[in-house]
Amino acid sequence: HAVAQHVQVDELAVFGDGQHSSPGSTLYCFEVESGRLVWQLPKTGKFIHMEGTPTLADGKAILGAGNDGVLCVSLRRVVLEGGEMDAAAALAAIDARRRDKQAAYERDKAKDPTFAIPPNEASLPKAAPVTLWQKGAGEWHVDAPVAVSGGRVLAASAYVDRDRIGWRGLLCLGAADGNLLWRTPLPINPWGGPTLAGDRAIVGCCSIAAEPEQIPSAKGCVAAIALQNGKELWRRDVGGGVLSPVAVSKGLAICTATDGKVYALDVERGEVRWTYHGGSPFFAAPAIAGDFVYAADLKGVVHAIALADGKKQWTLDTAAHPAIKRPGMVYGSPVVQGGRVYVVTCNFADLSAFPCSVICVGEAGSATTAPATAPTSKQTNASATR
């Protein structure tokens, strides 16, 4: 009950679910410390899904919802049983209802334990967030995370040829009301979404979706779009498709591509500064920590690359490494935290034999102490868990 009275934005975790094959999606908000559900927002309809991570800003959660366009909801104002209230008040009301149901169960159990039914979470009311605005439902198809800055929301919309839905390009909306400020068409789908870099948004594009069998036909480019008016500042074709967000640091835009390369482009002009040859296709975005770039490919190999010149620092094969031996493809960006690199693998071909794994590469493989050659088992302190 005490926790319910102190709900703050930094105590909440917000995420959505659903895929292209799902007939709908739900957005969830949980307390970080307790894991207790604060609110949920179910959405139904074909091609409605919330695959991209929501962006939290100014007490709002803003996200793409597939064919439902761009959605903005309040983090702390909710509707519970028809009444609008603060999230803390809703949690307190649900707690009170839980106690009442437990008390009723105890009374029933004392009278006749055979027919007493214990309470469960499904029997309790669920709060839903107040929807502040929604734009582009049935018109845009937004899979990637949105970017929010300076009162603007940048959202990448794709056109799905197979299903003939969506619009292909970058959108700029007002964060307060969702009104369209400008739209810039793109020649190839911006699946990865925009990355903010000063006065511009950098977006990678790919002609295919995240389907390995289509890699040979993939084409891609990276474009820079002015935040002020949506003008295309530059566009650079690359050798493969760019399916994930571009990482930006020290004047460089770093992207991975399906041709097995990592590209560093000049943020101002789009010129290629360096190219790293990984050898296997990349779907996942790169991560930058300090002076190093980390990328993981579809064979489960983690690459550590010098940000300044693109030279290899080390590689780690998660399938062959003696401390790991977990074959699988990497679809999501590595995460660097506390001197360690975290990657998640998935093997769609045979999940029963090789389940999804979370792999932690230890301190010797971190940005500060990365060896020039492949780390040994002892050096990396690598571990894998299901």
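The values are calculated or read from the model by the stated rules, or taken from the named source; none is laboratory data. As the structure is a prediction and not an experimental result, all values here were calculated from the model. Cβ atoms come from the backbone with ideal geometry, glycine included; neighbour counts cover every protein chain shown. Note: accessible area is taken over every heavy atom of the protein model, side chains too, but ligands, DNA and RNA are not part of it. Shrake-Rupley method; radii C 1.70, N 1.55, O 1.52, S 1.80 Å.
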Expressed as a whole-number percentage, the relative contact order of the chain with C-alpha contacts under 8 angstrom and at least six residues apart is 7
Largest fluctuation, H49, H303, H321 only, Gaussian network model of the chain with Cα springs under 10 angstrom, belongs to H321
In the list [x] 24, 57, 19, 1; [y] 26, 52, 20, 2; [z] 27, 58, 15, 0, the entry giving P(r) over Cα pairs in 20 Å bins from 0, in percent computed from the coordinates is [y]
Given unit charges at Cβ for Lys, Arg (+) and Asp, Glu (-), the dipole magnitude of the chain about its Cα centre in debye, nearest 20, is 260
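Using the heavy atoms of the protein chains alone and a 1.4 angstrom probe, what is the accessible area of the chain per residue in square angstrom?
45
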For the chain, the longest principal axis of the Cα atoms and the Cα long axis of helix 87-111 enclose an angle in degrees, to the nearest 10, of 50
Sorted by chain and number, the residues with a modelled amide H under 5 Å from that of G138, at a separation of 5 or more or across chains, are D68, G69
Answer in debye to the nearest 20: the dipole magnitude of region 137-250 about its Cα centre, from +1 Lys/Arg and -1 Asp/Glu charges placed on Cβ, is 360
Within the set A110, A158, A209, GNM on the chain using Cα springs under 10 Å gives the largest fluctuation to A110
Most fluctuating of T114, T184, T315 in the GNM of the chain (C-alpha, under 10 Å) is T114
Length gained, S217-V335, 0.36 nm per residue minus C-alpha separation, equals 39.6 nm
Ranking L132, L265, L181 by how far each Cα lies towards the positive end of the charge dipole of the chain (+1 on Lys and Arg Cβ, -1 on Asp and Glu Cβ), the top one is L265
For region 2-124, the percent of accessible surface on carbon and sulfur atoms (probe 1.4 angstrom, ligands and nucleic acids excluded) is 53
Computed over region 208-302, the relative contact order (Cα-Cα under 8 Å, seq sep at least six) in percent reads 20
With +1 on the Cβ of every Lys and Arg and -1 on the Cβ of every Asp and Glu, the dipole magnitude of region 242-319 about its Cα centre, in debye rounded to the nearest 20, is 60
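Rounded to the nearest 500, what is the 222 nm mean residue ellipticity of the chain from helices alone, with -39500 (n - 2.57) per DSSP H run of 4+ residues and division by all residues? Display every interim value, and only then the final one.
Values: 2 runs with 29 residues, N = 386.
Helix contribution divided over all residues of the chain: -2500 deg cm²/dmol.
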Partner lysines whose C-alpha sits under 17 Å from that of K325, ignoring same-chain residues fewer than 8 away, are K299, K378
